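K.L.:
Quick one: this structure, given as structure tokens, is what I'll be asking you about.
The values are calculated or read from the model by the stated rules, or taken from the named source; none is laboratory data. As the structure is a prediction and not an experimental result, all values here were calculated from the model. Glycine gets a Cβ as well: all are built from the backbone with ideal geometry, and neighbour counts include every protein chain shown.
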Amino acid sequence: MTPSHVRSRFTPSPLHPIRCLWFLFLGGALFLLLVTGLPRIGKAEDAPKPFSQVVEHKLKNGMLVLVLREPRAPLVTHQVWYRVGSRNEELGKTGISHLTEHLMFKATGKYKAKEFSRLVQKSGGSDNAFTSKDYTAYFQNGPKTELKRWMEMEADRMRGLKVAEKEFQTEKKVVLEERRLRTEDDPVSFLAEDTMATAYKAHPYQWPIVGWYHDLETLTRKDFLKYYSTYYQPNNATLVVAGDVEPKKVLAWAEATYGAIPAGAKPPKVTAKEPRQYGERRVVAHREAQLPFLIMGYHVPNWESPDSYALELLVRILSSGASSRIYHNIVYKKRLALSAGADYDLDTANASLFVFHGQPLPGKTVAQLERALEAQIKKLQMDLVDAKELAKAKNQVTASFYMSMDSLFYRGMVLGKLATVANWTLVRDFVPKIQQVTAEDIRRVARKYLVPDNRTLGVLSPIKGDRPKVTRHQPAGHVR
């Protein structure tokens, strides 16, 4: 099977690997219960420093190289991150980033189609790729003895991809089918997609990573070749190697493989900026489904704002584990929902959304769930979080962060993503800044961002039979 993107709407952010969108909906509360009681790190100097040994180097062609030596086992993760995702696309050609990811597993001048993955797997390794709104990444995990060959192979397909018309059309059908299965035939995914399209009116975060169906249908091989030529350049990429390696040797191999590729023209920047929202927006999706679903999204800043760390703790207070406010009060105590929670990613290239979500129990309504979630927001805006609850949230963030560092792949992922959307050194400040957040910071961000005028609300309204229908209700005077 052709490797596809491993990302979905449930993909966790590298800075909080344990929690992801609608995590409780997927039954992930158990692990959070395990980490809740872990001791808090008292002093900054006592904290582990999993990124203290990172070696940074830039090749002459502009490619950034990050090497992290971790000699505990004879293993390595090799990752290449391109600064291109769905936010770099244009209307009429959405989904081309993800389609390009698929096509990267086709033939080059040196390797036949699918041979890349077969060679990795034959040596005992694994490989895949994933596309997001902000980046596209490719990786191989396995024995350190294969690193040099993987670097040669990955460098080869950076500029040497050969895709015939027939292969292009075949892979386009694969992506269209993927869209049908994951979105068109999944009412909750359909609602999430439509809510995002309503929340953003000026920024490309409004369109789905997989692309709109008609756009995918009309994409041509010429479109792909232009896109590939524009963004798949060494000066638009970051190489991450983590594992049992000697940094000097890795840098020498990087110079010999990736360094031999000439720099390309600088890709165009994304200059779009979402304007302030001045009134609640609502979208109702009428789809065949067993139960309704509710999504409430609020515009919030990303890592560029100090408020992001308070928002990260706020989502923990609301939605991490069975003792969190939403689960305890709405799911367990009031029995209004089968599932409910919140999600927020601070490590995005541009400002994102703070999302509440839930599925009412049979016999309960979306309106009841909406009121219950609003009550939790109002409580946060009125009352300070007590010291124990805040300490618990900080423990959860700190514990899940450091426990994830046992994974070589995940440590590489943190470096690659942050180097792509911001600067990898931000990871060193993450836990210290989390520990600095106060109860007043939590209340302030709740008052500032979680307000009706800043909200987009999406509702899945079940119908009998599959008759896709979407209606939007905009505030007076607003034209989308």
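K.L.:
State whether one or more residues within the stretch 330-351 are surrounded by fewer than 20 Cβ atoms within 10 Å (Cβ to Cβ), among the small types (Gly, Ala, Ser) and either more than 30 Å from residue 430 (Cβ to Cβ) or in contact (Cβ under 8 Å) with a residue 60 or more places away in the chain (or both).
P.N.:
Yes, because at least one residue in the stretch 330-351 is surrounded by fewer than 20 Cβ atoms within 10 Å (Cβ to Cβ), among the small types (Gly, Ala, Ser) and either more than 30 Å from residue 430 (Cβ to Cβ) or in contact (Cβ under 8 Å) with a residue 60 or more places away in the chain (or both).
K.L.:
For the stretch 143-182, name all the residues that are touching a Leu at 6+ places or on another chain (Cβ under 8 Å) and basic (Lys, Arg).
P.N.:
144, 149, 172, 179
K.L.:
Pull up the stretch 136-158, narrow it to residues that are among the polar types (S, T, N, Q) and closer than 13 Å to residue 78 by Cβ, then point me to the one that is surrounded by the most Cβ atoms within 10 Å (Cβ to Cβ).
P.N.:
Among those that are among the polar types (S, T, N, Q) and closer than 13 Å to residue 78 by Cβ, it is 140.
K.L.:
Considering only residues that are over 22 Å from the mean Cα position of the chain (by Cα) and among the hydrophobic types (A, V, I, L, M, F, W, C), which ones fall in the stretch 229-256?
P.N.:
Across the stretch 229-256, the qualifying residues are 245, 250, 251, 252, 253, 254, 256.
K.L.:
For the stretch 311-321, check the following and say yes or no: at least one residue is part of a loop (DSSP other than H, G, I, E, B), over 19 Å from residue 398 (Cβ atoms) and out of contact with any Gly (no Cβ under 9 Å at 6 or more places or on another chain).
P.N.:
no
K.L.:
Then there's this: Name the one entry in 144, 133 that is of a type in the set (Lys, Arg) and touching a Pro at 6+ places or on another chain (Cβ under 7 Å).
P.N.:
Only one candidate passes the filter, namely 144.
K.L.:
For the stretch 65-79, does any single residue satisfy the condition of being within 19 Å of the chain's Cα centre (by Cα) and not basic (Lys, Arg)?
P.N.:
Checking the stretch 65-79: at least one residue is within 19 Å of the chain's Cα centre (by Cα) and not basic (Lys, Arg).
K.L.:
Count, please, the residues in the stretch 302-313 that happen to be within 19 Å of residue 439 (Cα to Cα), in contact with a strand residue (DSSP E or B) (Cβ under 9 Å, 6 or more places away or on another chain) and touching a residue at least 40 places away in the same chain (Cβ under 8 Å).
P.N.:
Number of matching residues: 2.
K.L.:
Let me ask something else about it. List every residue pair whose Cβ atoms sit under 8 Å apart, with the two residues 6 or more apart in sequence or on different chains, where the first one lies in the stretch 67-82 and is assigned by TED's automatic domain parsing to the domain that holds residue 133 and part of a loop (DSSP other than H, G, I, E, B) and the second, anywhere, is exposed (fewer than 15 other Cβ atoms within 10 Å of the Cβ) and modelled with pLDDT of 95 or more.
P.N.:
Here the result reads 74/145, each pair linking the stretch 67-82 to a residue that is exposed (fewer than 15 other Cβ atoms within 10 Å of the Cβ) and modelled with pLDDT of 95 or more.
K.L.:
Sticking with this structure for a sec: Residues 133, 93: which one is over 24 Å from residue 240 (Cβ atoms) and charged (D, E, K, R)?
P.N.:
Result of the check over 133, 93: 93.
K.L.:
How many residues, within the stretch 212-228, are more than 23 Å from the chain's Cα centre (by Cα) and either closer than 14 Å to residue 155 by Cα or among the aliphatic types (A, V, I, L, M) (or both)?
P.N.:
Within the stretch 212-228, residues that are more than 23 Å from the chain's Cα centre (by Cα) and either closer than 14 Å to residue 155 by Cα or among the aliphatic types (A, V, I, L, M) (or both) number 2.
K.L.:
Does the stretch 281-324 hold any residues that are among the small types (Gly, Ala, Ser) and crowded, with 21+ Cβ neighbours inside 10 Å, and which are they?
P.N.:
Matches in the stretch 281-324: 285, 297, 308, 310, 319, 320, 321, 324.
K.L.:
Please note which strands (runs of 3 or more DSSP E) are completely contained in the stretch 207-302 and include at least 1 residues that are under 30 Å from residue 54 (Cβ atoms).
P.N.:
237-243, 293-300
K.L.:
Would you check if residue 305 is under 22 Å from residue 135 (Cβ atoms) and not in a helix (DSSP H, G or I)?
P.N.:
In short, yes.
K.L.:
With the checklist (1) surrounded by fewer than 21 Cβ atoms within 10 Å (Cβ to Cβ); (2) hydrophobic (A, V, I, L, M, F, W, C); (3) under 30 Å from residue 72 (Cα atoms) in hand, flag the one item residue 413 doesn't pass.
P.N.:
Going through (1) surrounded by fewer than 21 Cβ atoms within 10 Å (Cβ to Cβ); (2) hydrophobic (A, V, I, L, M, F, W, C); (3) under 30 Å from residue 72 (Cα atoms) one by one, residue 413 breaks only (1).
K.L.:
Being surrounded by 19 or more Cβ atoms within 10 Å (Cβ to Cβ) and part of a loop (DSSP other than H, G, I, E, B) is the filter here, so list the residues in the stretch 159-185 that pass it.
P.N.:
Listed by number, the list holds a single entry, 163.
K.L.:
Still on this structure, please answer the following. Consider the stretch 124-158. How many of its residues are part of a strand (DSSP E or B), touching a Lys or Arg at 6+ places or on another chain (Cβ under 9 Å) and more than 27 Å from residue 348 (Cα to Cα)?
P.N.:
Total satisfying the criteria: 0.
K.L.:
While we're on this one: Of all residues in the stretch 193-214, how many are buried (at least 20 other Cβ atoms within 10 Å of the Cβ) and either out of contact with any helix residue (DSSP H, G or I) (no Cβ under 9 Å at 6 or more places or on another chain) or assigned by TED's automatic domain parsing to the domain that holds residue 352 (or both)?
P.N.:
Qualifying residue count for the region: 2.
K.L.:
Further question on the same structure: Output the residues belonging to the stretch 42-83 that are at pLDDT below 95 and surrounded by 14 or more Cβ atoms within 10 Å (Cβ to Cβ).
P.N.:
Result: 47, 50, 51.
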